[in-house]
Every structure is written in structure tokens, then in C-alpha cells.
Amino acid sequence: MSWLANRKKSLRPAARQLKFMFNRDPAIVPEKNWRSFIKEPYEAVVIFSADFELAWAWRYTKSSPDPLKKTLDKARTERENMPLILDLCDRYKIPVTWLTVGHLFLDSCTPEGMVHHASMPRPGQFENDWWRFGGKDWYEYDPGSDYKANPLWYAPDLVKNILGSPVEHEVGCHTFSHIDCREEVCTTELFDAELRASLEAASRHGIASMESFVHPGHTIGHLDDLYRHGYTNFRTDYRNTLGFPVHHPSGLWEFSTSLEFEYVQGWSEKMQLERFLRTFRRALKNHSMAYTWFHPSMNPYMVQKVMPKVFEWLDEHRNRIWIVTQGEYIQWLNSNSKKPVQSQGHQTKES
């Protein structure tokens, strides 16, 4: 790496912190009709969603010379973090929308001959901003065993813990095998099969339907097909905003991210926490939604040190902040007698 490239890399944390300190991340999307988007008597909305993936997420990552090692390391961290996250949710009564890779619902799977999930269509080789798939078969790393032998590829125990929580979490879909959902990579046949396989696996846990969806890697595609399968909403990450979901032409509601619950390299311990509290205060001040998402494989420091303080703060302010899952929020939005009419020509505002 050149001196200039190293210099730019070293300045990124400071530049990101300045952008945050001057209230430019996330940006405010003002809404005159905010009361139509926030249930009485609340003044703001907070949503937490998690991309629940284990080893399926990083197996073709371009960020490591050894993608398989990285995905297994991430999955081990996720396994270690999950009980702590769920305990915190229980303690502070924080619901999460768990966007779950469908294969994690399975107790086990058995290859047919030498072929894993033989009935599933496969994507061809492809590359996107995050992954490079050049292997011979999309399921080449699937162990074809069970969750006791290979707990990094199956998670029925964790799904049961989510569903058994006293907190009303939501379980949503993150495809069956963490595919790239863009139309140029994923055919309609493949996309339909992924959704069907996910729901079939989820049904083993008593889940009859799912309505919230997140595209792996935010590889947005097949929105009309999502709607056809009965989903009501999806998420994009084009930029971080404090605003409300937009009704997409497909019939779906589109959530925009506000911030990711992640460890920001180069920031002080104080700033790791303040990033979230300031964002929630701004959501209150501007009567908006703060959509916070995370990977359960995040740096354990965030789970052990930051998340408890964030959840505690939210619990103390829950009389003013509606903390809700995606699905419950969209159900309320669709049934609200005062149908939300969004202002035209939204412009970002700093405050």
C-alpha cells in the first residue's frame, strides 16, 4: 500500500467522527406528517434488526486471503455473542427483528449422493463488491451433517432461544443460503426456491409466515417477487438516515438504515457509546425513526460494554420511544386509520 493510501486510511476514523459530531451521519429526512408514522404517545421509533448468518455469510468474502477461515472465525464469535445478546434483550425488554439465513433453522441435512440440497437451483460464478464466488458448487462448504457436529452451519437451538424469549422478537428471512439477490446473478427460479426453502425450514419451529426480508450484502433485487411471496418490507443501506420507511412501487415498505451497531476502529470508548445515544436523542428531537442493524458476529466489546448501556438508556426512555420490530411496525402502519401521506421532495436536514 502506498504512503498516500496509508495516510488516507489513517484519517478515515477522524473524518468519520467529524461527520458524526457535526450531525451529518445519519442525515435527517424531515417528515411533516410524522404523527402518522409514530404511534401515540411516542415521539420517536427505534428498530433493531440482526443479520443472523453464522458461517454462511463470509465464505466468499474478498476481505480476507482465507475466506473460509474468516467465516468460521466470525461464526464462532456469533455463537459466543448470541446468548449474551438475548440475555440483554430479555433484561431490558428490547425486541429484535432476526433476519435469519434459512439453513440455520435446520437440525441437520443429508447430501443426496454427493450433492448437497440437490433440489435447490444454484447461482453461477459471480463477483460483487463484497464476495467472489468462483467455486464449483454453491454448497461446497455445507458439512451435510447436524448442529451438534457442526454448530457453525446450523442453529435450531438459537432459533428456539429466540422464539422462547419473553420478549416478542420477530424472525424474518435472509434467504436460505445467503445468496446474491441481484437479477443478473439470481434467477427468479433460484429466488423463489430460496424463499420456499427458508419458510419450509422455519415451519419446523412453528413459523407459518415471514414478512420482513433483508437481501444478503444488500444485493437488492426481485422486489416484485418478494411481494408475491407475501413479504411486506425490506431494508436498504444507500445512506444512513433518520426518517421513515417509504412505500415502494413493488408494494413493499423500504426501510433505510440509520446506523450499524459495530465497533468503529480508532474511536474512543466514550465515542463508541455516544454514537448511539446521540443518534437516538436526535430521533427524539426530530420525531423520526432510528433504524439500527447489526451482525451478531460483531466485536465482543460492543456486546459486553456498549450494548448494555445503549439498551439501558432506551429502557429508561421507553415512555417516549416506541421500540418495535419491523413486522409489527409495518402492521401498525398498514392498519393505521390515519394512512401516512409522506411529504413530497424529501430533503436532508442537519440538526
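The values are calculated or read from the model by the stated rules, or taken from the named source; none is laboratory data. A quick note: this is a predicted structure, and the numbers were derived from the prediction, not measured. Here Cβ is always computed from backbone atoms with ideal geometry, including for glycine, and neighbour counts include all displayed protein chains.
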Tell me yes or no: at least one residue of region 87-94 is farther than 28 Å from Val46 by Cα and assigned to a loop (DSSP other than H, G, I, E, B).
no
Of all residues in region 297-340 being at pLDDT 95 or above, not hydrophobic (A, V, I, L, M, F, W, C) and not in a helix (DSSP H, G or I), which is surrounded by the fewest Cβ atoms within 10 Å (Cβ to Cβ)?
Asn319
If we scan region 253-263, do we find a residue that is among the polar types (S, T, N, Q) and in a strand (DSSP E or B)?
yes
Considering only residues that are farther than 21 Å from Glu140 by Cα and more than 18 Å from the chain's Cα centre (by Cα), look in region 178-191 and name the one that is surrounded by the fewest Cβ atoms within 10 Å (Cβ to Cβ).
Glu184
Take Val185 and tell me if it is assigned to a helix (DSSP H, G or I) and β-branched (Val, Ile, Thr).
no
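Being modelled with pLDDT of 95 or more and in contact with a helix residue (DSSP H, G or I) (Cβ under 8 Å, 6 or more places away or on another chain) narrows it down to one of Trp138, Trp131, so name that one.
Trp131
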Pick from region 252-269 the residues that are at pLDDT 95 or above and farther than 18 Å from Arg239 by Cα: which of them is surrounded by the fewest Cβ atoms within 10 Å (Cβ to Cβ)?
Tyr263
Hey, among Thr175, Thr110, which residue is among the polar types (S, T, N, Q), assigned to a loop (DSSP other than H, G, I, E, B) and within 23 Å of the chain's Cα centre (by Cα)?
Thr175
Say we look at region 198-235 and pick out the residues that are among the hydrophobic types (A, V, I, L, M, F, W, C) and either touching a Ser or Thr at 6+ places or on another chain (Cβ under 6 Å) or assigned to a loop (DSSP other than H, G, I, E, B) (or both); which of these is surrounded by the fewest Cβ atoms within 10 Å (Cβ to Cβ)?
Ala208
Which residue is surrounded by the most Cβ atoms within 10 Å (Cβ to Cβ), if the candidates are limited to region 135-158 and must be of a type in the set (Gly, Ala, Ser) and in contact (Cβ under 8 Å) with a residue 60 or more places away in the chain?
Ala155
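Which members of region 18-37 meet the condition of being under 26 Å from Ile94 (Cβ atoms) and either modelled with pLDDT under 60 or touching a strand residue (DSSP E or B) at 6+ places or on another chain (Cβ under 6 Å) (or both)?
Once the filter is applied, which keeps residues that are under 26 Å from Ile94 (Cβ atoms) and either modelled with pLDDT under 60 or touching a strand residue (DSSP E or B) at 6+ places or on another chain (Cβ under 6 Å) (or both), region 18-37 yields Phe20, Asn23, Pro26, Ala27, Ile28, Val29.
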Only one residue in Thr61, Thr97 is surrounded by 16 or more Cβ atoms within 10 Å (Cβ to Cβ), among the polar types (S, T, N, Q) and within 21 Å of Pro308 (Cα to Cα), so which one is that?
Thr97
